[in-house]
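Student: One structure coming up, written as structure tokens, with questions to follow.
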Amino acid sequence: MNDVAEKLQTALAAVRTSTDSALAGWAWAEPSYRASPVRAFLGESAPLTIADEGMPAMESAMGTLLRDQRVTRNWREEDLWTAVLSLLAAASVGHAPDFAEAVERIVKPRPVRIAAALANVAWTSEPSAFGSLAIAKVQDEAGARQLAASLSLTDSAETAFVSYAQQLLREFGDFVLATSTTPRQGQLAMEDFERTLEDLIGLSLMLSGDLADYGIFSLRGATNRPGIRGTTLDRSAVSTLLATSGAGELADRVLTITGWSAGNNFRWHSADPLPLDRILSADRCSRIGDLLVAPDAIAQRLRVAGRWYARAFWAEAQDDAALAVSVALDSMLTGKDAVPGAVSKGRFALLERDPAARAARFDRYEEVYRVRSAVAHGGDASRGLARIGGARSILEDAQWVAMQLLELREISAPDDDKQFRELWSAIQWGTVSWAHPPSSSI
């Protein structure tokens, strides 16, 4: 990468101040903008540009970086342009960098830590880790410092973390915080954080059979769906902050006049947060923490299925939920390549450990598949849904599949799609010990 460092040094020599408006790296990723006479990027005190004589070296350096898989694995092109232009901006005012060292840090970047307050999540337990993700309740500055110390941060990172927590404490009072690390940079780091959080919530819902005990029910809409605070509205917090009169913004007050009567219908959308730590028993914590990071094919499928299961769970319309949970089923039963419906039905049946009950399982999935096809192709699925027990019954099917796959994973954890297909064949031919006689048999 020495040639990249040399080319960046050549580009630095062509950096000039500009009178044009500076744009971020996402604009410089476009060849047409780089060719434009008004191209500019942010400097420390004024917009900067790279004169024409420096652009070939700059584009060649960036091209070399963007052809390196070590770079593209961790950087989006727009974020890489932003980082390199920031490097040139600092160098242009005397903060002369070691370009060779800077390039090395681009190729082998330090892990990024993301931290965010969560909406619609209750957490009353001690801080817990799930793979790279940790969740804790922050109630005061001392708690923030204690949490920061447990994360083994550098001094500067710990200062930034505590300062961030202090700001949120002023804005929210106590709050639930999630934090994780990833080797990926920029927007990819944020996407990893959001995906891991989504996986945790989805797997928690899909692998928890006692949600009703906590007053959590599917198909009631996404009002209480957990997420990053600010992106997702924390209704319980807003209802407190708005006190009395403003709380009306969180409810529907609708007048309905019929041929029989007139009624003032008041609907309060629930503001109860998801008690995540209570749902995650010690056994589930360990299991889900493993699933969040495990590379095997079954764990990958369960993570994808959990996301779609959550979309179905938080849906309000039966057909939307049915379609989403059908995708969850597909992700668990099939591979990256599309397979005929008969294959997924057969695999659904094979997961039944009692061979005498497999025909009934096959017929059940046939009905589910028929409903899914009706929804996907714009047909009327209401009768079919009612006949099979509604979308909640398909959610139960997905939970059953997930639990069966977890049991199967204890026997064999295939590394990839090929081994996953071979595992189904082994179950079908009886070369994997999976089927067993019903408990009532002699």
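The values are calculated or read from the model by the stated rules, or taken from the named source; none is laboratory data. Not measured: the values here are computed from a predicted model. Quick reminder, even Gly has a Cβ in these numbers, built from the backbone with ideal geometry, and neighbours come from all protein chains shown. Side chains included, ligands, DNA and RNA excluded: accessible areas come from the protein's heavy atoms. Shrake-Rupley method; radii C 1.70, N 1.55, O 1.52, S 1.80 Å.
Student: Considering every residue within region 174-192, establish whether at least one is under 21 Å from T231 (Cα atoms), under 24 Å from the mean Cα position of the chain (by Cα), among the polar types (S, T, N, Q) and part of a helix (DSSP H, G or I).
Tutor: yes
Student: Checking the structure you have, find out if any residue of region 196-215 is open to solvent by 30 Å² or more (accessible area, probe 1.4 Å), farther than 24 Å from D290 by Cα and outside any helix (DSSP H, G or I).
Tutor: Yes, some residue in region 196-215 is open to solvent by 30 Å² or more (accessible area, probe 1.4 Å), farther than 24 Å from D290 by Cα and outside any helix (DSSP H, G or I).
Student: Moving to a separate point now. I'd like to check something: does region 431-438 contain any residue that is polar (S, T, N, Q), without any contact (Cβ under 8 Å) to a residue 40 or more places away in the chain and farther than 29 Å from R311 by Cα? Full working, then the answer.
Tutor: First, the residues of region 431-438 that are polar (S, T, N, Q): 431, 433.
Filter once more, keeping what is without any contact (Cβ under 8 Å) to a residue 40 or more places away in the chain: 431, 433.
Keeping just the survivors that are farther than 29 Å from R311 by Cα gives 431, 433.
Yes, there is a match, as at least one residue in region 431-438 is polar (S, T, N, Q), without any contact (Cβ under 8 Å) to a residue 40 or more places away in the chain and farther than 29 Å from R311 by Cα.
Student: Shifting gears a bit: Given the condition modelled with pLDDT under 90 and not hydrophobic (A, V, I, L, M, F, W, C), answer yes or no: does some residue in region 97-109 qualify?
Tutor: The answer is yes; a qualifying residue exists.
Student: In addition: Which count do you get for residues in region 11-28 that are of a type in the set (S, T, N, Q) and surrounded by 17 or more Cβ atoms within 10 Å (Cβ to Cβ)?
Tutor: 1
Student: If I filter region 58-88 down to residues being surrounded by fewer than 21 Cβ atoms within 10 Å (Cβ to Cβ) and small (G, A, S), which single residue comes out as farthest from R110 (Cα to Cα)?
Tutor: S60
Student: Specify which of the listed residues (A144, A136, A129, A148) is closer than 28 Å to L205 by Cα, touching a helix residue (DSSP H, G or I) at 6+ places or on another chain (Cβ under 8 Å), in contact (Cβ under 8 Å) with a residue 12 or more places away in the chain and surrounded by 19 or more Cβ atoms within 10 Å (Cβ to Cβ).
Tutor: Going through A144, A136, A129, A148 in turn, just one is closer than 28 Å to L205 by Cα, touching a helix residue (DSSP H, G or I) at 6+ places or on another chain (Cβ under 8 Å), in contact (Cβ under 8 Å) with a residue 12 or more places away in the chain and surrounded by 19 or more Cβ atoms within 10 Å (Cβ to Cβ): A136.
Student: Right, here's the next one. Which pairs do you get when a residue that is more than 15 Å from D417 (Cβ to Cβ) and open to solvent by 10 Å² or more (accessible area, probe 1.4 Å), found in region 288-306, comes within reach of a residue that is of a type in the set (A, V, I, L, M) and assigned to a helix (DSSP H, G or I), reach meaning Cβ atoms under 6 angstrom, with the pair 6+ apart or on two chains?
Tutor: Here the result reads none, with nothing in region 288-306 linked to a residue that is of a type in the set (A, V, I, L, M) and assigned to a helix (DSSP H, G or I).
Student: Does region 331-375 hold any residues that are among the hydrophobic types (A, V, I, L, M, F, W, C), at pLDDT 90 or above and open to solvent by less than 40 Å² (accessible area, probe 1.4 Å), and which are they?
Tutor: Here is the first cut: in region 331-375, the ones among the hydrophobic types (A, V, I, L, M, F, W, C) are 332-333, 338-339, 342-343, 348-351, 356-357, 359-360, 362, 368, 371, 374-375.
Subsequent filtering for residues that are at pLDDT 90 or above retains 332-333, 348-351, 356-357, 359-360, 362, 368.
Hits for region 331-375 are M332, L333, F348, A349, L350, L351, A357, V368.
Student: Give all pairs with beta carbons closer than 8 Å in which a residue from region 28-41 that is farther than 14 Å from L88 by Cβ and of a type in the set (A, V, I, L, M, F, W, C) meets a residue that is open to solvent by 30 Å² or more (accessible area, probe 1.4 Å) and not in a helix (DSSP H, G or I); count only pairs at least 6 apart in sequence or on separate chains.
Tutor: Final answer for the pair search is V38/D20; V38/S21.
Student: On to the next question. Does E407 satisfy being assigned to a helix (DSSP H, G or I), among the acidic types (D, E), within 28 Å of D210 (Cβ to Cβ) and modelled with pLDDT under 95?
Tutor: Details: assigned to a helix (DSSP H, G or I): yes; among the acidic types (D, E): yes; within 28 Å of D210 (Cβ to Cβ): yes; modelled with pLDDT under 95: yes.
Answer is yes for this residue.
Student: Applying the selection to region 312-367, what residues are outside any helix (DSSP H, G or I) and more than 18 Å from D417 (Cα to Cα)?
Tutor: At the first step, the residues of region 312-367 found to be outside any helix (DSSP H, G or I) are 314-317, 334-340, 351-354.
Listed by number, the residues that qualify are W314, A315, E316, A317, E352, R353, D354.
Student: For region 374-387, name all the residues that are part of a helix (DSSP H, G or I) and either touching a Pro at 6+ places or on another chain (Cβ under 6 Å) or touching a residue at least 24 places away in the same chain (Cβ under 8 Å) (or both). Break it down stepwise before answering.
Tutor: Restricting attention to region 374-387, the residues satisfying the condition of being part of a helix (DSSP H, G or I) are 374-376, 382-387.
Scanning region 374-387 gives V375, A376, S382, L385.
Student: Could you check how many residues of region 98-120 are of a type outside the set (D, E) and open to solvent by 40 Å² or more (accessible area, probe 1.4 Å)?
Tutor: Applying the first criterion (of a type outside the set (D, E)) to region 98-120 yields 99-100, 102-103, 105-120.
From what's left, open to solvent by 40 Å² or more (accessible area, probe 1.4 Å): 100, 105, 108, 110-111, 113.
Adding up the residues that qualify gives 6.
Student: Of (1) within 24 Å of S208 (Cα to Cα); (2) open to solvent by 10 Å² or more (accessible area, probe 1.4 Å); (3) under 26 Å from the mean Cα position of the chain (by Cα), A402 satisfies all except one. Which?
Tutor: Result: A402 passes all but (2).
Student: Step by step: first the residues of region 220-231, then only those that are touching an Asp or Glu at 6+ places or on another chain (Cβ under 8 Å) and open to solvent by 20 Å² or more (accessible area, probe 1.4 Å), then the one that is modelled with the highest pLDDT. Which residue is that?
Tutor: Of everything passing the filter in region 220-231, I228 is modelled with the highest pLDDT.
Student: Still on this structure, I have one more. Report, by residue number, each residue of region 170-195 that is surrounded by fewer than 18 Cβ atoms within 10 Å (Cβ to Cβ) and under 24 Å from R278 (Cα atoms).
Tutor: Correct list: F172, G173, D174, E194, R195.
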